[in-house]
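Input: a single structure, listed below in structure tokens.
The values are calculated or read from the model by the stated rules, or taken from the named source; none is laboratory data. Here the structure is a predicted model, which is why all the values come from computation and not from measurement. Positions of Cβ are generated from backbone atoms using ideal geometry, with glycine treated the same way; all protein chains shown enter the neighbour counts.
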């Protein structure tokens, strides 16, 4: 119960990022050079420049508000998680139902593919693919291309868990 409350709280915080950023900090990409010591490049004040207007402090050198960056980053993480879960569920349900219903050689191929994907280190593959993503994929460029690749890779490597359950139930 407590874990569910924390997750719901984090989702609400991520969805309210623009309001929280306005109330408690500054926009995530606003540079605050006046908050940085020009000689050392570190935030002025104690605890990384933490104050009532910058609860988590500011970044060294640029002076960007850390709280705003964390809250806006949570939105991106939430988007990737939800879309990846949708992709995994669709692929896992379709292939699991096909393997369970058709059986025979289809079941064997899908089951061995599940075993192969479960044995592969997802994190290493994700990092490797993200590092070589071209600037444009399907007409989408920049950050959108990287997000598309993240959703695709995480969704593709996540379907065997769902596929095994659906196969067993079918």
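Annotation note: of 79, 20, 10, the sole residue that is touching a helix residue (DSSP H, G or I) at 6+ places or on another chain (Cβ under 8 Å), outside the structural domain of residue 160 (by TED's automatic domain parsing), surrounded by fewer than 15 Cβ atoms within 10 Å (Cβ to Cβ) and not in a loop (DSSP other than H, G, I, E, B) is 10. Say we look at the range 31-43 and pick out the residues that are modelled with pLDDT of 75 or more and surrounded by 13 or more Cβ atoms within 10 Å (Cβ to Cβ); which of these is nearest to residue 58 (Cα to Cα)? My answer is 43.
Residues in the range 54-76 that are out of contact with any helix residue (DSSP H, G or I) (no Cβ under 8 Å at 6 or more places or on another chain) and closer than 22 Å to residue 19 by Cβ were compared, and the one that is surrounded by the most Cβ atoms within 10 Å (Cβ to Cβ) is 64.
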